[in-house]
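Reviewing the structure listed below.
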Amino acid sequence: MAIKEHPPIGTVLFCDFDQGFKEPEMVKRRPVVVVSPKIGVRPGLCTVVALSTAEPVPKMPYHCRIDLDPPLPEPWGDRMRWVKGDMVCAVGFHRLDFPRYAKDVTGVRKYRYEPISSEDLRRVRICILSALGLGGLTKHMT
């Protein structure tokens, strides 16, 4: 089910890259992190960066490892993810949804809303800047 409102920066979502994208772009459903604030003049869009379980070879300055706590639901369940800072994309809300867990005892579905840590978000931003050729700006990040 698609999201209805822009989530906070650092929120982990699933993005459906299946429709309208072609390799070497992202072409499958995968976890992403929201990296943009809500921008009033672009409703329905959210900028995200892709996450992967595969360790990049070779590792570049635009890659970093983060650990998701809590982990994603099965079948995505591993905590460890690699940020693909070179895969930043503005996507429509129709592509995005929250990770869904099993239903609670009353039958209501549970979702993952927790953002990544502020330290992990700082590292994600460093990866993105590096991918955009702006790595020199990272010295100003605290």
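When the pairs Lys4/Lys139; Lys38/Lys103; Lys22/Lys103; Lys28/Lys103; Lys22/Lys59 are compared against a 32 Å limit on Cα-Cα distance, Lys4/Lys139; Lys22/Lys103 fall above it.
Exactly which trypsin sites (Lys or Arg not before Pro) in region 6-35 are in a DSSP loop and have at most 13 other Cβ atoms within 10 Å?
Lys22, Lys28
In this structure region 1-79 gives 58 Å² per residue of accessible area when probed at 1.4 Å with all protein chains present.
Among the protein heavy atoms, those of His6 account for about 30 Å² of accessible surface (1.4 Å probe, every chain in place).
In order along region 97-112, phi translates into HN-Hα couplings of 8, 6, x, 9, 9, 4, 6, 7, 5, 8, x, 8, 5, 9, 10, 8 Hz, rounded to whole numbers, per the Karplus curve 6.51 cos²θ - 1.76 cosθ + 1.60 with θ = phi - 60° and x for Gly and Pro. Under the combined filter of DSSP loop state and at most 12 neighbouring Cβ atoms within 10 Å, region 55-132 retains these trypsin sites (Lys or Arg not before Pro): Lys59, Arg79.
The separation of region 11-34 from region 46-80, counted between C-alpha centres, amounts to 13 Å. Of Thr47, Thr53, Thr11, the residue with the largest accessible area leads and the full order is Thr53, Thr47, Thr11 (1.4 Å probe).
The values are calculated or read from the model by the stated rules, or taken from the named source; none is laboratory data. What you are looking at is a predicted structure, and each value in this text was computed from that prediction instead of being measured. All Cβ positions, even for glycine, are placed from backbone atoms using ideal geometry, and neighbour counts span all protein chains on display. When the accessible area is computed, the model is the full protein with side chains, heavy atoms only, and any ligands, DNA or RNA have been set aside. Shrake-Rupley method; radii C 1.70, N 1.55, O 1.52, S 1.80 Å.
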